[in-house]
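Enquirer: My questions all concern the structure below.
The values are calculated or read from the model by the stated rules, or taken from the named source; none is laboratory data. Treat the numbers as computed from the prediction; the structure is a model and nothing was measured. In this analysis, Cβ positions are derived from the backbone assuming ideal geometry, glycine residues included, and neighbour counts consider all displayed protein chains. SASA here: full protein model, heavy atoms, side chains in, ligands and nucleic acids out. Shrake-Rupley method; radii C 1.70, N 1.55, O 1.52, S 1.80 Å.
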Amino acid sequence: MHELSVCTAIADAVRTHAGDRPVYEVRLCIGHLRQLVPDSLTFCWSLVADHGGLAGARLVIDEVPAEIECEACGRRTVLDHPVLLCPDCSSRLVRIIAGEECHITSIVLGDGPGTEER
Amino acid sequence: MTMGRFHRHDDGTVHDHDHPHDHDHGHGHGHEYDHDHPHPHPQDRPDPQEHPHPQDHEVGDHSGYQTGGERIEVLEAIFGENDRLAAANRADFDAAGVRVVNLMSSPGAGKTQLLRETLRRLSPGLRIGIVEGDIETSLDADRLDGFGAAVALVNTGNGFGGECHLDAPMVRSALPRLPLADLDLIIVENVGNLVCPAEFAVGEDVKAMVYAVTEGEDKPLKYPVMFRSVDVVVMNKTDLLPHLDVDLDLFEKNLRAVNPRARLLPLSARTGEGVDAWCSWLNEIVTGPGGRSPVASTGAGVPAHGAEPSDRE
């Protein structure tokens, strides 16, 4: 259900940018701390796009692993689980430096792939 | 990794435009959380105010769009539109001098019961408004009747079974039904759900959540976005502890793993034990300057909540 809301927001934003022109591809950047499941996004997107004037527009998702930086010892760690703890010094004073991304990076207008993919 | 692919795509198209990077302003420059990031991807939130609209700068020289498969860089936060309306809500709240708490929880954790006890204690002295999110019914709003608070119900049902959260536009629609200028505090009782409400800012000053001890110790790890987003975690139903095997130390350890800074307030809305501490915190919100959250939701892609202290740097 979460992904459905998110896809609705994506479709609104895409339509704002594309206007009446056909959209071939929508590219997202989603961090692992966002609790958005790519497969679920793709499924919900197919529903939202079909009924929202964006039928055929494919969704491409770039995932960004979560990464923290310890404020105590400075170590940077890529996380497998959302536990905000420095593995070196066990400090909880960590800064999230990646993994909360949640935006549309680009769209490809038209009926076919962008020039760089031909 | 995938980011490399992303950059190659962008370079291939954006550079072809007449207006190469005027809408790419600010990335990697001057934003507190990405100044030293090893790979400069656009993790900061694009500012819609400064962001020239793509449709503006496509006019005139891009007639090939209908067939061309042309990529345009968007860099728009998925929750950008919501955050813009949340900021508008916040501006209205500030202008009226009213503070706003976004109260979230799973279904049945006890938000409405806590609100009843809150109104019972604070309502005469503090002028409180409630925005009540409910998918189809007025049951919760009915339970809050008779306590002297202004209650605006927002049914989130839209024909598809209902939204799972309150977002900024829904809260905005409720504002005309609340006497903002006559209120000290608005509590937004969100739809019961541990996932979606965490992503949608409504213009609140602070976020709080109710966690019931019956939910088990592992919830912070299972719903880290929610637990990380809040300033206060109310631990409700403590009167049931004698009947449960729940390990509160483990719960707190799990909470601290995702949110080292949230205030933890154990209470029982049923017996009233501990509710005064919650009410004191609400009073602090109304009277004190501190504790204000950033306007944007965590959904903006801005690591401003949780482990990221908002007053950093």
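Enquirer: Determine which single condition A:Ser40 fails, assuming it passes every other condition in (1) more than 10 Å from chain B (Cβ to nearest Cβ); (2) closer than 17 Å to B:Glu81 by Cα; (3) out of contact with any strand residue (DSSP E or B) (no Cβ under 9 Å at 6 or more places or on another chain).
Expert: (2)
Enquirer: Looking at segment A:68-109, which of its residues are among the hydroxyl-bearing types (Ser, Thr, Tyr) and open to solvent by 70 Å² or more (accessible area, probe 1.4 Å)?
Expert: Across segment A:68-109, the qualifying residue is only A:Ser90.
Enquirer: If you go through segment A:1-55 one residue at a time, how many are over 24 Å from A:Ile96 (Cα atoms), of a type in the set (Lys, Arg) and either open to solvent by less than 20 Å² (accessible area, probe 1.4 Å) or without any contact (Cβ under 8 Å) to a residue 60 or more places away in the chain (or both)?
Expert: Count: 1.
Enquirer: Could you check segment B:169-190 and list, in sequence order, the residues that are surrounded by 24 or more Cβ atoms within 10 Å (Cβ to Cβ) and of a type outside the set (S, T, N, Q)?
Expert: The answer is B:Val171, B:Ile186, B:Ile187, B:Val188, B:Glu189.
Enquirer: Here is a further query. Given the conditions (1) surrounded by 15 or more Cβ atoms within 10 Å (Cβ to Cβ); (2) more than 30 Å from A:His17 (Cβ to Cβ), and given that B:Asn82 satisfies all but one, which numbered condition is not satisfied?
Expert: Single failed check for B:Asn82: (2).
Enquirer: Considering only segment B:179-195, state which residues are acidic (Asp, Glu) and within 14 Å of the chain's Cα centre (by Cα).
Expert: B:Glu189
Enquirer: Conditions first: (1) in contact with a helix residue (DSSP H, G or I) (Cβ under 8 Å, 6 or more places away or on another chain); (2) open to solvent by less than 40 Å² (accessible area, probe 1.4 Å). B:Gly110 passes all but one, so which condition is the exception?
Expert: B:Gly110 satisfies all of (1) in contact with a helix residue (DSSP H, G or I) (Cβ under 8 Å, 6 or more places away or on another chain); (2) open to solvent by less than 40 Å² (accessible area, probe 1.4 Å) except (1).
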